[in-house]
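Chemist: First the structure, then my questions, so here it is.
What follows is calculated from the coordinates using simple rules that are stated; it is not laboratory data. Please read all numbers here as calculations on a predicted model, not as lab measurements. Virtual Cβ from ideal backbone geometry, glycine too; neighbours counted across all protein chains shown.
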Amino acid sequence: MRILLFCNDRHHPGHVPIEGMEPLKEKGFTIDVITDTADFDPAIIHGYDVLVMSKNDDTSNTIHSSWKTAAVQDAFVKYVESGGGLLVTHNGTVAGEETDKINRLVGARFIMHPNRCPVTVGSVKPHPVTKNVGMFCEEDEHYRLEILVDDIDIIVTSYAPSQGNVDKYETDPYRNYPAHIAPSGYVRTQGKGRVCVLTPGHLLEVWLNLEFQKLLENGLRWCAGL
């Protein structure tokens, strides 16, 4: 299976998903990587079985202009609607200022996260993506999402305990927040294609967790229609 991984932005070094996906090569996955999208030609995506977006709106870690141009967004939508697969992890849910088309393809967008903390992740319903995946806990950024479409199927949720002074949540949510359960894995279809979103993954330890590795492999295979 041929995978094209987009990664690397100012807050998320590319080596994390690159090293996090390395174990999948032993299971028959071929993974090409784009870390700098300054000269990215969206026509190349049609040669891949699944696209993995672990990259926010930044062109690279030093170039902060948006790479999700109208042409790129149209190409991603056409790719999925024609039968391609899109797997989005963590910072791939971070929206740009003018990226509504790709945001709606993803199905949700990042709102905020509090300080890193222990995050417990577990499946909530049977699905090929969650098959044989057990509950796990790692230090992570507990993402909160705004759901943008009405057809997402939530298959994984995550829990984080309260931190700081909960009374100050409204004024300083980064450092103070109550215990919270959030959707952290869902699937949807668009046209003939499939989209899977997994929000864990700020740190390499999350990617290398054996249960998260199962989610990744299952998600890639499901996105590819296998």
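Chemist: With θ taken as phi - 60° and the coefficients 6.51, -1.76 and 1.60, list the Karplus ³J(HN,Hα) couplings across the stretch 98-114 in order, rounded to whole Hz; mark glycine and proline as x.
Modeler: So the Karplus estimates, Gly and Pro as x, are 10, 10, 4, 5, 6, 4, 6, 5, 5, x, 7, 9, 4, 9, 6, 9, x Hz.
Chemist: For the chain, what proportion of DSSP beta bridges, expressed in % and rounded to the nearest 5, is antiparallel?
Modeler: That works out to approximately 60 percent antiparallel.
Chemist: Considering only C-alpha atoms, what is the centroid distance from the stretch 193-226 to the stretch 12-37, in Å?
Modeler: So the separation of the two Cα centres works out to 12 Å.
Chemist: Label 7 Å along Cα→Cβ of residue 44; the stretch 211-226 residues with amide nitrogen under 13 Å?
Modeler: none
Chemist: Which whole-Hz ³J(HN,Hα) couplings does the stretch 74-85 yield from phi under the Karplus relation 6.51 cos²θ - 1.76 cosθ + 1.60, θ = phi - 60°, glycine and proline marked x?
Modeler: 4, 5, 5, 4, 4, 4, 5, 5, 8, x, x, x
Chemist: Right, here's the next one. Please work out the FRET efficiency for the pair residue 139 and residue 210, using the Cβ-Cβ distance as r and a Förster radius of 25 Å; give the result to the nearest 0.05.
Modeler: Computed FRET efficiency for residue 139 and residue 210 comes out at 0.95.
Chemist: For residue 125, go through the aspartates and glutamates and keep the ones whose alpha-carbon is under 17 Å away, minus same-chain ones fewer than eight residues off.
Modeler: List returned: 151, 153, 211.
Chemist: Quick one: putting +1 on the C-beta of Lys and Arg, -1 on the C-beta of Asp and Glu, what dipole do you get for the stretch 1-45 around its Cα centre, in Debye to the nearest 20?
Modeler: So the dipole magnitude of the stretch 1-45 works out to roughly 180 debye.
Chemist: Using 0.36 nm per residue, how much length does the chain from residue 25 to residue 81 gain when fully extended, once their Cα-Cα distance is taken away? Please report the intermediate quantities before stating the final value.
Modeler: Values: separation 56, 0.36 × 56 = 20.16 nm, distance 2.68 nm.
Extra length from residue 25 to residue 81 when fully extended: 17.5 nm.
Chemist: Stretch residue 170-residue 146 to full length: gain in nm at 0.36 nm per residue minus the Cα-Cα span?
Modeler: Here the segment from residue 170 to residue 146 would lengthen by 6.9 nm.
Chemist: Oh, and also: Once label points are set 7 Å from the Cα along Cα→Cβ at both residue 181 and residue 112, what is their separation, rounded to one decimal in nm?
Modeler: My value for the distance between the label points is 2.2 nm.
Chemist: Could you pull out which residues in the stretch 42-64 have an amide N less than 11 Å from a spot 7 Å beyond the Cα of residue 226, following the Cα-Cβ vector?
Modeler: Taking a point 7 Å out along Cα→Cβ of residue 226, the residues of the stretch 42-64 whose backbone N falls under 11 Å are 49-50.
Chemist: Now for a different question. Under 18 Å Cα-Cα from residue 131, which lysines qualify once same-chain neighbours fewer than 8 residues away are excluded?
Modeler: The reachable lysines, counting only those whose Cα sits under 18 Å from residue 131, are 27, 214.
Chemist: Here's another thing I want to ask about it. Tell me, what is the percent relative contact order of the stretch 77-147, built from C-alpha pairs under 8 Å that lie six or more residues apart?
Modeler: 32 percent
Chemist: Right, here's the next one. Choose one answer from 123, 66, 54: the residue with the largest mean-square fluctuation in a GNM of the chain with alpha-carbon springs under 10 Å.
Modeler: With Cα springs under 10 Å in the chain, the top fluctuation among 123, 66, 54 is at 66.
Chemist: Taking the alpha-carbon distance from residue 78 and a cut-off under 18 Å, which lysines remain once sequence neighbours fewer than 8 residues away in the same chain are dropped?
Modeler: Counting by Cα, and skipping residues close in sequence, residue 78 has these lysines nearby: 68, 101, 192.
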